[in-house]
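Asker: Let me give you the structure first, and then I'll get to my questions.
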Amino acid sequence: MTSLVIRSAQDAIAAVPYLLGFHPSRSLVVIGFEGRSRGTCAIRLDLPAPGPAGRFATDRVATDRVATDRAAADRVAAVLAGNGFGRSLLLGYGPDEEVRQAAGPIRAALSSAGVPVAEAIRVAEGRWWSLTCVDVCCPPEGTPYDISATTVAAQATFAGHVALADRAELVSSVQPLDGPARAAMARATERAEKRYLAHPSTPAEDDLAFVLALLARARTGTRPTDDEVAWLGLLLTDLRLRDETWARLDEDAPAADIAFWRDIVRRVDPAYAPAPASLLAFTAYSAGDGGLANVALQRALDSDPAYSMAVILREVVNAGIPPSRLRMHTPPDPPSAHHRKAC
C-alpha cells in the first residue's frame, strides 16, 4: 500500500479503514510503526464482550476473561516486536468502559515488549477521545472528525484503495456469485471439464501463455469470459503452473491484479477456488491490504483446509511478516515439458 503519513489522531482514524479494507466496529486496532521495520502493520482484534456483572458473575469467569485478554495482547505485542516495530498506536472502537477495559492489557503488553503506545484513543459515533489524557486536554464530549477531509484518505483513494462499510461487506466481496451468473459459470465449467478430459496433456508453455495473456488483458481493463475463467480454474490445479503465475504477479502496481483475482474468485466454480483465492491473498497482502488477504485466505481454506499455499500464507499473515519480505524477485524458468498435475 502507498505509505500513509500519520501525524495526528485524525490521520490515524482515517488510515485504519484503508489499512484494514473496511470500517471497523467493536474492535481494537494496533498500528506498529518506526523502529527497524519499514512502513506500518495494523492488527485488528474483536472488542471482547462486556465482562460479567452482578450475582451472575463468578471469579472463574472473570479470571478466564483476564487470561484470554492477556494472551491476545501478548500475541499482538510479540508480532510487532518480532518484526522490528518500535512504537505503536492503539485505537478502540466501541463503548468507553469496554474499550478502556480491553485497552489495558494491550498497552501493558506492548510496553513490556518494547513497542510502547504513543497514543491510545477511543472512536465512536464520529468522535474520538484520548485514553492517555489525564487532564483537560480533551473535551468530555469528544473531538469530532471527518475522514473524507484528511490527506490520508486522499492519498489512499488516489492509490486506488477502498474502505468497505464493514467486515461483512469485505467477506461478501470474495464470495461466489449467484443467480444467472452462477448458472452461466456452471455451464462454462462443464465445457471446460469436457475439454480438459479430451485433451489431458498440453504443452505447459501454452498453459502459462494463456494465463499471462489473461493477466496482461486484465491490466488494460479487459474482463475474461466465462469460458476463460473456467479454463483458468482447471489449469491452476497444476501446482507448478500456479507457482509460475504466483511469481509473475505485479507487486509494484498490484491494483489491476487484485481486481482480476477477486473477479476470478467470485466467478470460478467453488471447487476450483483455492488457487485463485490464494493468489488474491498474496497480491492483496503484498499491497498492504491485510483485511482482503485474510478473507481471501479464509475462502481458500473453507474450500480446502489443507491447501498448501493458503496454509503457508496464513502463517505469514499471523506472524505479521512485512509484505516487503515476501517479494518474488525472479520468475522461474518457463516450463518446457508437457505436464499437468492436479492437486
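Asker: Among Leu197, Leu280, Leu110, which one shows the highest mean-square fluctuation when the chain is modelled as a Gaussian network with alpha-carbon springs under 10 Å?
Answerer: Leu197
Asker: Tell me the relative contact order for the range 9-164 as a rounded percent, counting alpha carbon contacts under 8 Å between residues six or more apart. Provide the component values of the computation, followed by the final result.
Answerer: On the way: 252 pairs, mean separation 45.5, N = 156.
Worked out over the range 9-164, it gives 29 percent.
Asker: Using the Karplus curve 6.51 cos²θ - 1.76 cosθ + 1.60 with θ = phi - 60°, what ³J(HN,Hα) values do you get for each residue of the range 98-115, in whole Hz, with x for Gly and Pro?
Answerer: For the range 98-115, the Karplus-derived couplings read 5, 5, 5, 5, 6, 6, x, x, 5, 4, 5, 5, 5, 5, 5, 7, x, 10 Hz, x marking Gly and Pro.
Asker: Then there's this: Can you tell me the dipole magnitude for the chain around its Cα centre, using point charges on the Cβ only (Lys, Arg +1; Asp, Glu -1), in Debye to the nearest 20?
Answerer: Details: 36 positive and 40 negative charges, 62 e Å.
So the dipole magnitude of the chain works out to roughly 300 debye.
Asker: Going by a ≥ b ≥ c, the root eigenvalues of the Cα gyration tensor, does the range 225-282 fall in the rounded group (a/c under 1.5), the prolate group (a/b larger than b/c) or the oblate group?
Answerer: Oblate is the answer for the range 225-282, as a/c is 1.5 or above yet b/c matches or exceeds a/b.
Asker: Cβ neighbours within 10 Å, averaged per peptide: list 219-228, 203-212 in order, most packed at the top.
Answerer: 203-212, 219-228
Asker: Put a dot 7 Å past each Cα toward the Cβ at Asp46 and Glu315; how far apart are the dots in nm?
Answerer: Each label point is offset 7 Å from its Cα along the Cβ direction, giving 2.6 nm.
Asker: Does the range 147-226 come out rounded, prolate or oblate, given a ≥ b ≥ c as the square roots of the eigenvalues of its C-alpha gyration tensor, rounded meaning a/c under 1.5 and, failing that, prolate meaning a/b above b/c?
Answerer: Oblate, because a/c is 1.5 or more while a/b does not exceed b/c.
Asker: Right, another one. With percent of Cα pairs over 29 Å apart defined as stated, name the option among (i) 34; (ii) 40; (iii) 45 computed from the structure displayed.
Answerer: (iii)
Asker: Among 17-30, 173-186, how do they line up by average Cβ neighbours within 10 Å per residue, starting with the highest?
Answerer: 17-30, 173-186
Asker: In the range 9-164, if the dipole is taken from +1 on Lys/Arg beta carbons and -1 on Asp/Glu beta carbons about the Cα centre, which of Gln101, Val152, Ala78 is farthest to the positive end?
Answerer: Ala78
Asker: While we're looking at this one, here's another question. Out of Ala124, Val311, Ala183, whose Cα points farthest toward the positive end of the dipole of the chain (charges: +1 Lys, Arg; -1 Asp, Glu; placed on Cβ)?
Answerer: It is Val311, whose Cα lies furthest towards the positive end.
Asker: Percent of Cα-Cα pairs per 5 Å bin, from 0 to the last occupied bin, for the range 9-164, please list those.
Answerer: Spelled out per bin, shortest first, that is 2, 9, 17, 20, 20, 16, 10, 4, 2, 1, 0.
Asker: Now for a separate question. Angle, helix 9-20 long axis vs. longest principal axis of the chain, Cα atoms, 0 to 90°, nearest 10?
Answerer: The angle comes out at about 30 degrees.
Asker: Just report the Cα centroid separation between the range 183-233 and the range 115-159, whole Å.
Answerer: Centre-to-centre (Cα) distance: 47 Å.
Asker: Let me check against my output: what whole-number percent is the relative contact order of the chain, with C-alpha pairs under 8 Å and at least 6 apart?
Answerer: Taking the mean separation of contacting Cα pairs over the length of the chain, I get 19 percent.
Asker: Report the gain in length on full extension from Thr143 to Ala198: 0.36 nm times residue separation, minus Cα-Cα distance, nm rounded to one decimal.
Answerer: Fully extending the segment from Thr143 to Ala198 adds 13.1 nm.
Asker: While we're here: Name the GluC sites (Glu not before Pro) in the range 71-153 that are in a loop by DSSP and that have at most 13 other C-beta atoms within 10 Å, would you?
Answerer: Working: sites: Glu97, Glu98, Glu119, Glu125, Glu141; in loops: Glu125, Glu141.
In loop regions of the range 71-153 (DSSP not H, G, I, E or B), the sparsely surrounded GluC sites (Glu not before Pro) are Glu125, Glu141.
Asker: Which one, Leu110, Leu279, Gln298, projects farthest toward the positive side of the charge dipole computed for the chain from Cβ point charges (K/R +1, D/E -1)?
Answerer: After comparing all options, I get Leu110.
Asker: Can you bin the range 67-159 into rounded, prolate or oblate? Criterion: square roots of the alpha carbon gyration tensor eigenvalues sorted a ≥ b ≥ c, rounded for a/c under 1.5, prolate for a/b above b/c, oblate for the rest.
Answerer: On the way: a/c = 2.03, a/b = 1.27, b/c = 1.60.
Cα axes put the range 67-159 in the oblate bin.
Asker: Determine, for each peptide in 40-46, 301-307, the mean count of other beta carbons within 10 angstrom over its residues, then list the peptides with the highest first.
Answerer: Peptide ranking by packing, descending: 40-46, 301-307.
Taken together, the values in this text are just the output of simple stated rules run on the coordinates, not laboratory data. None of these values were measured; they are calculated from a predicted model. Glycine gets a Cβ as well: all are built from the backbone with ideal geometry, and neighbour counts include every protein chain shown.
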